[in-house]
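Everything on this sheet refers to the single structure shown next.
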Ligand SMILES: Cc1cc2nc3c(=O)[nH]c(=O)nc-3n(C[C@H](O)[C@H](O)[C@H](O)COP(=O)(O)OP(=O)(O)OC[C@H]3O[C@@H](n4cnc5c(N)ncnc54)[C@H](O)[C@@H]3O)c2cc1C
């Protein structure tokens, strides 16, 4: 055991491990890269996290950087949950519900709590946290906060960032701070602090005040976005100030989350689900646009394409038997309404049917839990594709999360099909049609030199195409290592420079998850590509996407 590990073992109450097998286990996440950590820490409490950061900071002051990567369940698909230094693994001990406020419905949790278990606890109080990702069964709330995760309900309810009310975080130097929206007076108090916290508030406030014009241009015209830092959401016109939106989605590159308080919504499982079957993608785009204009946005507008249905027909023919039959439509939309008032649901359903009928689209409306579950199987069938193996071919998450303005939905799909054609790739599309946020994982073999080269050509073309359509490289999965090299192209040099300054303010020594999100070039990530891809961390559950 090296000296750093030895020191940590002596000072922490949680376990510190350096065994080769543990380090190997944490050398991959849900993405295509590999980086082996040198030390694994299972913090027992916030104090362990504080001490780890403090020690790392002191080493950095003396010229030795031992980075820290926070880790939830490691389902990150872009290499964000990897690091060469100390891996701080939260699910082992820091996984409790601290408080559930019966009145407001807000819940305060430790970051390592399993998202699905937390959601179940909320359901028992008729509440839920809407922006849950498809990986809900195996990911942590801390990881979802750090990624600004979102999912099928985001079209109506928004992303994780919209729900995080307050955080407790450990700063790079080990200071523990609480973040929430502050009024002017409270902000002034923070600005006067002689601590590192005070320095962070002063520097970020000055950065915002000096760059208002640039920051106002930093909002990309998409309905959700997990790329970059949400600088525009920190200071409001009324002078109120909140570091929380900056830390949400920052992937542990600015601070380590040790406690999160999130708002929740009333849970209504008594929904109406409509499946609509399209032979023309242009019509699907039009319908999506009109559905978004309804008096109340549907609680989901999800999709799968013909290729996914054909894939399933070939490999798991029984899964959708009697639910959707060949020959398959070009695209299936699932539209859900969850308004607690039954009459409102009926009215919205009627309006939806009117839109579908106008375009002569066939559809099916279901209210019973069993029938709805059947229809949802269409969308969840993407799991079969991402878990599929054929020799060394795997469905790789490399271009899996682009989002464009909804009016470019059809063009986006068309461009993706062209890209697949040019690269002779087998894949399929599924995802959040209402947000024009599409998922796709082409089959490639990372053991083959040709395919390894293809990966980087493909991502280059894909991300440039998404940016050219006015989109974002990540709707929900965040930048990680994979998309970090495209952040400057996405936002432009001015805004990227502000992102770099933010990183410098919070993390002057580059301790917090370096190599992720910011200051990353394509040449940095090329050597990190795995020789094989597997989802060995995720097989506790059938992975959904
Ligand atoms: C099959 C599949 C489907 C998915 N579907 C979705 C989806 O629908 N929507 C979506 O948004 N994402 C999705 N994801 C991506 C990912 O699962 C989610 O973003 C998830 O919320 C990450 O949680 P985690 O616990 O696995 O985090 P990890 O992978 O462990 O970490 C994610 C990032 O957060 C940082 N982090 C973790 N904990 C902390 C902490 N306490 N403090 C600071 N930083 C921290 C890590 O360093 C890393 O950068 C999917 C992934 C897979 C494999």
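The values are calculated or read from the model by the stated rules, or taken from the named source; none is laboratory data. Predicted model only: the values in this text are computed from it and were never measured. Glycine gets a Cβ as well: all are built from the backbone with ideal geometry, and neighbour counts include every protein chain shown.
What the table below lists for this structure:
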read-out: Failed criterion for residue 190 (all others in (1) closer than 23 Å to residue 299 by Cα; (2) in a helix (DSSP H, G or I); (3) away from the ligand (no atom under 14 Å from the Cβ) hold); value: (1)
read-out: When residues of region 466-484 are limited to those that are touching a residue at least 12 places away in the same chain (Cβ under 8 Å), in a helix (DSSP H, G or I) and away from the ligand (no atom under 16 Å from the Cβ), the one surrounded by the fewest Cβ atoms within 10 Å (Cβ to Cβ); value: 467
read-out: Looking only at region 133-162, and only at residues there that are more than 19 Å from residue 72 (Cα to Cα) and in a loop (DSSP other than H, G, I, E, B), the one that is nearest to the ligand (Cβ to nearest atom); value: 152
read-out: Count - residues of region 216-232 that are under 19 Å from the mean Cα position of the chain (by Cα), in a loop (DSSP other than H, G, I, E, B) and away from the ligand (no atom under 16 Å from the Cβ); value: 3
read-out: Residue 487 vs. criteria touching a helix residue (DSSP H, G or I) at 6+ places or on another chain (Cβ under 7 Å), outside the structural domain of residue 76 (by TED's automatic domain parsing) and either farther than 21 Å from residue 70 by Cβ or at pLDDT below 95 (or both); value: no
read-out: Test: residue in region 437-455 that is under 26 Å from residue 393 (Cβ atoms), more than 16 Å from the ligand (Cβ to nearest atom), in a loop (DSSP other than H, G, I, E, B) and touching a residue at least 60 places away in the same chain (Cβ under 8 Å); value: yes
read-out: Residue identified as closer than 30 Å to residue 126 by Cα and either in a strand (DSSP E or B) or free of Cβ contacts under 8 Å to residues at least 40 places away in the same chain (or both) among 379, 394, 343; value: 343
read-out: Top-ranked residue of region 513-534 - restricted to ones that are in contact with a helix residue (DSSP H, G or I) (Cβ under 7 Å, 6 or more places away or on another chain) and in contact (Cβ under 8 Å) with a residue 60 or more places away in the chain, ranked as surrounded by the fewest Cβ atoms within 10 Å (Cβ to Cβ); value: 522
read-out: Residue list for region 498-512, restricted to those being touching a helix residue (DSSP H, G or I) at 6+ places or on another chain (Cβ under 6 Å) and within 12 Å of residue 68 (Cβ to Cβ); value: 509, 511
read-out: Residue 169 near the ligand (Cβ under 9 Å from one of its atoms) and more than 18 Å from the chain's Cα centre (by Cα); value: yes
read-out: Listing of strands (runs of 3 or more DSSP E) fully contained in region 61-132 that carry 1 or more residues being within 9 Å of the ligand (Cβ to nearest atom) and within 16 Å of residue 43 (Cβ to Cβ); value: 68-71, 86-89
read-out: Test set (1) within 13 Å of the ligand (Cβ to nearest atom); (2) in contact (Cβ under 8 Å) with a residue 24 or more places away in the chain; (3) touching a helix residue (DSSP H, G or I) at 6+ places or on another chain (Cβ under 8 Å) - residue 51 fails condition number; value: (1)
read-out: Counted residues, region 487-513 - those being more than 14 Å from the ligand (Cβ to nearest atom) and under 17 Å from the mean Cα position of the chain (by Cα); value: 1
read-out: Residue 124 surrounded by fewer than 24 Cβ atoms within 10 Å (Cβ to Cβ), free of Cβ contacts under 8 Å to residues at least 12 places away in the same chain and assigned by TED's automatic domain parsing to the domain that holds residue 178; value: yes
read-out: Test: residue in region 169-179 that is assigned to a helix (DSSP H, G or I) and either buried (at least 20 other Cβ atoms within 10 Å of the Cβ) or touching a residue at least 12 places away in the same chain (Cβ under 8 Å) (or both); value: no
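Every residue, every condition in (1) in contact with a helix residue (DSSP H, G or I) (Cβ under 7 Å, 6 or more places away or on another chain); (2) on the phi < 0 side of the Ramachandran plot; (3) not assigned by TED's automatic domain parsing to the domain that holds residue 380, yes or no:
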site	(1), (2), (3)
225	no, yes, yes
229	yes, yes, yes
242	no, yes, yes
276	yes, yes, no
279	no, yes, no
301	yes, yes, no
307	no, yes, no
